[in-house]
Every structure is written in C-alpha cells, then in structure tokens.
Amino acid sequence: MAENTETIKQFKLYTTGSFLGDEAIINNSNKSLVERYYIFSYYLEINDFKILINTGFSEHVKPSTELKTLKLFHRQDYKIYETLPSQLLKDHVHPDEIDYCIITNFASHHIGYLNAFKNATIITSNEAYHDFITQQVTNNNLQLSFHVMPDNFKERIEFVEDFVQTNHPILGKGFKVFNQDELISYELPGAMPGQIGLMMKFSNLMIFMCSDAAWCRSNIEKNNLPTKKLLRKAYNGELFIETHSKLIDLKTDMNPPLFIIPSHCKKMDDFDEVMQLLDAIK
C-alpha cells in the first residue's frame, strides 16, 4: 500500500469513446435532442506511483445475449476511439508501469481496459466489489462489464475502506487514498452500487471526479436534479437525488475553487471547459 505525503505531480484526462444521450431523458428537455457524451479516464501521479481513475470504454466490451441489453448498446451508439494503452504510450507511460487502477463503479465504460494493466492494484469500494463479483446486480451496463475482468481480479483488489477515514461537512464519510489529503474517496450512492467519487487537491484548486453521480457538468451548474426517467434507471433513485443535491451544495461551498467533473461530459457546454481547465493545470 502506498503511503507518503507528496502532492499530485501529473494529471491528464483521456477520452476513450462516446455514446448518445437523449436530452429529453437526461435534462427534461421538452423535445428529444440527441447529444454525444464523451467518456473520460484520468491519469495522475502521486509520490512515484502512476494511477488511473477508471480505464474507459473498449472494443472488448460486448453486449450480453439479453435482448434488452443488446438494444441499449445499439441505441446509445457506442463509439470506440484510440485505446487507452495507446494514448498512454504516446505520453511515454507503458501500461505495465501503472501501479493502481481506481474504479469508481463497475459500469462498462469504467473498466474497458482493466485487463491491459497487468501490474496494477485495483482499488474500489467494498460494496461495489462485492455487488459486482457476486453478480447480484442485474443492471444492463454492469452485465457488459463481466466480459473484461482480469483472471486474477480477486487477488488484486484493495478497498478504499482500508485507508484512513475522514469526514466532509457536505459529502460525509471519506477515506484518504494512500493515507494522504491529496486524494480522498467519498461515497456517492444512488446511480450505481458502491459508487465513489475522488477529491483531488492541487495547489490552487480542487477537482472532484463525481463518477456517474451527474451526467454532465451542466446539470450541476444549472442546479438540475436527475429526471424521473433517469431515476427509474438508477440503482437507488432516492439516494441518487440525495447525492446530486450534495454536489450542487458542494460547488458553492468550497475554498479553494472546486471544479466538478463527471465520468462523461457532452460536447456542447462541458467538454471545452474541461479541456481549458486541464490546459491551465499544465
């Protein structure tokens, strides 16, 4: 287990694919308007450790034989971009050098390339792991994920609950990943079982990766709660609302400034802003 007191040295966002989302479902639009949402993975370095937060969507994810899942896969028109390992290699990071993969939930667009990082310890929440590994969850997106699990998955797991516990006035219970303040995991229940978000501390700002607790940044910026249609698709709709409300409170109550990024953002009013932020960090 890594444990030290250094800061985040590197931070970069990678896009591995995209899917279609209907604004009538996501944002209560009066009419159907299909937007393309881009799927993110995050790379950072703390101490001398190379870390990925989620591993993106890959060509290895295949729809299950269940008809409902097949229809979902094709309706959302998933597109695969350049592989995450290939993008990392262009930045002189070999997949075998990745020390940790932090999985915020087990949706298929979070673990698509998990097999590629053979030396990485996999960090997730206890609840997310056990609900997934026992296949108790029937969520269509999770069913796709069963196709991409490493053979030695169980031997490589480490839980966020094994780290030092802390508490946030809005987010509640959290765990200091690697037992330091620069990367803290918080429970974000509702959208997916055992979902976690990650607070990253930089010298002059904070970035909170909120996983699938919000569909896009604009939902939080405009104080838009999840729609009824989204709540019906969620693992626990009541907790989804509660978590999303905390994110809205969080954005106005943080010092230094806080930038909230979900696992996916739409091109129109999210993606360009995220890119500008990352350029500023560099």
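The values are calculated or read from the model by the stated rules, or taken from the named source; none is laboratory data. Please read all numbers here as calculations on a predicted model, not as lab measurements. Counting neighbours? That spans all protein chains shown, and the Cβs are built from the backbone with ideal geometry, glycine included. Protein only, heavy atoms only, side chains kept; ligands, DNA and RNA dropped before computing areas. Shrake-Rupley method; radii C 1.70, N 1.55, O 1.52, S 1.80 Å.
Taking the criterion of being at pLDDT below 95 and over 17 Å from the mean Cα position of the chain (by Cα), the residues of the range 173-200 that qualify are Phe178, Asn179, Gln180, Asp181, Glu182. Being among the charged types (D, E, K, R), modelled with pLDDT of 80 or more and on the phi < 0 side of the Ramachandran plot: is that true of Lys229 here? No. Scanning the range 94-119 for residues that are of a type in the set (A, V, I, L, M, F, W, C) and open to solvent by 10 Å² or more (accessible area, probe 1.4 Å) yields a count of 1.
Contact annotation: residue pairs with Cβ atoms under 7 Å, 6 or more positions apart or on different chains, pairing a residue in the range 211-236 that is touching a residue at least 24 places away in the same chain (Cβ under 8 Å) and charged (D, E, K, R) with a partner that is surrounded by 21 or more Cβ atoms within 10 Å (Cβ to Cβ) and assigned to a loop (DSSP other than H, G, I, E, B), are Asp212/Asn105; Asp212/Ala107; Asp212/Ala191; Asp212/Met192; Asp212/Gln195; Asp212/Pro262; Asp212/Ser263; Arg217/Pro262. From the residues in the range 203-230 that are in a helix (DSSP H, G or I) and crowded, with 17+ Cβ neighbours inside 10 Å, which one is nearest to the chain's Cα centre (by Cα)? For the range 203-230, the residue satisfying everything is Arg217. Taking the conditions (1) loosely packed, with under 12 Cβ neighbours inside 10 Å; (2) outside any loop (DSSP other than H, G, I, E, B) in turn, Asn255 satisfies each one other than (2). When the test is whether a residue is within 19 Å of Phe208 (Cα to Cα), open to solvent by less than 20 Å² (accessible area, probe 1.4 Å), under 15 Å from the mean Cα position of the chain (by Cα) and at pLDDT 95 or above, Ile122 does not pass it. Of the strands (runs of 3 or more DSSP E) lying entirely inside the range 1-104, those carrying at least 2 residues that are modelled with pLDDT under 90 and either in contact with an Asp or Glu (Cβ under 6 Å, 6 or more places away or on another chain) or under 29 Å from Arg156 (Cα atoms) (or both) are 8-22, 34-46.
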